[in-house]
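The values are calculated or read from the model by the stated rules, or taken from the named source; none is laboratory data. All of these numbers come straight from a predicted model, not from anything done at the bench. Here Cβ is always computed from backbone atoms with ideal geometry, including for glycine, and neighbour counts include all displayed protein chains. Ligands, DNA and RNA are excluded from the accessible area calculation, which covers all protein heavy atoms including side chains. Shrake-Rupley method; radii C 1.70, N 1.55, O 1.52, S 1.80 Å.
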Amino acid sequence: NPKQKLGPQINYTITGIDAGAGIMGGAQSALSAYHLQKDNWQLQTSSTAAMTSTLDKAIKYKQPIVITGWQPHWMFTKYPIKFLKDPKHVFGKAENIHTITRVGLKKDNPAVYKFLTQFHWNATQMSQIMLKVNAGEAPSKAAKAYIQAHPAQVKQWLSGVKAGHGKAVKFTYVAWDSEIASTNLVKQLLESKGYKVTIQPMEAETMWASIATNAADASVSAWLPTTSGRYAKQYKGQFVDVRANLHGAKTGLAVPKYMKNINSISDLVN
Ligand SMILES: C[SH](C)CC(=O)O
């Protein structure tokens, strides 16, 4: 009912994901920056799976909903949703997904470090793995298929990377769909060079701490400069930011396209 104010229709609720995700920090800041708190707007924490199933139901019944949304992610392929404009740039501007390592990795394992300076791809390529996993395929299988399908890119990623002869490497990540795709791909690539790779999913804060305390070697899940900015600040000097492995990511609030009169975060207060 476009005439009725949006807030009451959705209990003034923004449907979010895991509390530690940087996007949730952005959403919290949006509540105050856009004066949503005066109407008691609140941010609901849950998980990516819970949020996308709530989104699925809302879209099925053409109901209003406001979610924390990000690209690259299959939700923008699967559902007719749009980002809300963020004129105050609370969610930052251009966002990239970076590869970070523990401080000593370059010395201890120069070959893996060299690989990490070479690994990068784009959202379209990542989606080839993400969409298969969303359709139920095992991430390792989808990653192997990607490697088979992109020999030239794989050759570039692995050029000059010495064999591992069973040397152990540990990656930590947060189980967002984008990081499930990239971390499983990196595991398959390094295993093809004879490394013994373990990958461990965990909360965002714990992932950053695992690198800062040398409990893990590397992660390809660092959304910077804004999304995970507070973790990068908290652990400044205790990690190495190797490079962006994916450019042009984006986080924000998103709504179904049928919510025609809601196009900016500032429209939520009307
Ligand atoms: C949910 S985005 C994949 C990353 C983040 O919010 O920290």
query: Could you give the dipole magnitude of the chain about its Cα centre, charging the beta-carbon of Lys and Arg +1 and that of Asp and Glu -1, in debye to the nearest 20?
result: 460 debye
statement: Given Cβ charges of +1 for Lys and Arg and -1 for Asp and Glu, the option among 246, 126, 216 whose Cα lies farthest towards the positive end of the dipole of the stretch 95-249 is 216
message: Can you tell me the length gained on complete extension of the stretch residue 137 to residue 103, counting 0.36 nm per residue apart and subtracting the Cα distance?
response: 8.8 nm
query: Using only helices, what value at 222 nm comes out for the chain when you add -39,500 (n - 2.57) per DSSP H run of length 4 or more and divide by the total residues, to the nearest 500 deg cm²/dmol?
result: -11000 deg cm²/dmol
query: How high is the FRET efficiency from residue 267 to residue 247, r the C-beta distance, R0 45 Å, rounded to 0.05?
result: 0.95
query: What percent do you get for the relative contact order of the chain when only Cα pairs under 8 Å and 6+ apart count?
result: 33 percent
- line: Taking R0 as 22 Å and r as the Cβ-Cβ distance between residue 82 and residue 128, the FRET efficiency 1/(1 + (r/R0)^6), rounded to the nearest 0.05, comes to 0.40
query: Dipole of the stretch 95-249, Cα-centred, from +1 at each Lys and Arg C-beta and -1 at each Asp and Glu C-beta, to the nearest 20 debye?
result: 580 debye
- prompt: Comparing 59, 211, 67, which has the greatest mean-square fluctuation in the GNM of the chain with Cα pairs linked when under 10 Å apart?
  reply: 59
message: Springs between alpha-carbon pairs under 10 angstrom, Gaussian network model over the chain: which of 69, 16, 160 fluctuates most?
response: 160
message: Can you tell me what share of the DSSP beta bridges in the chain is antiparallel? A percent to the nearest 5 is fine.
response: 60 percent
- line: Note to self: C-alpha centroids of the stretch 140-171 and the stretch 16-70 sit apart, in Å, by 36 Å
field: Of all accessible heavy-atom area on the chain, the percent that carbon and sulfur account for (1.4 Å)
entry: 54 percent
message: Over the stretch 95-249, with the other protein chains present, what is the accessible area per residue in square angstrom, probe 1.4 angstrom?
response: 43 Å²
task: Taking all pairs of distinct Cα atoms, average 1/r, flip it, and tell me the Kirkwood hydrodynamic radius of the chain in Å to one decimal place.
output: 19.4 Å
field: Sites residue 168 and residue 4 - FRET efficiency at Förster radius 41 Å, r taken between beta-carbons, to 0.05
entry: 0.10
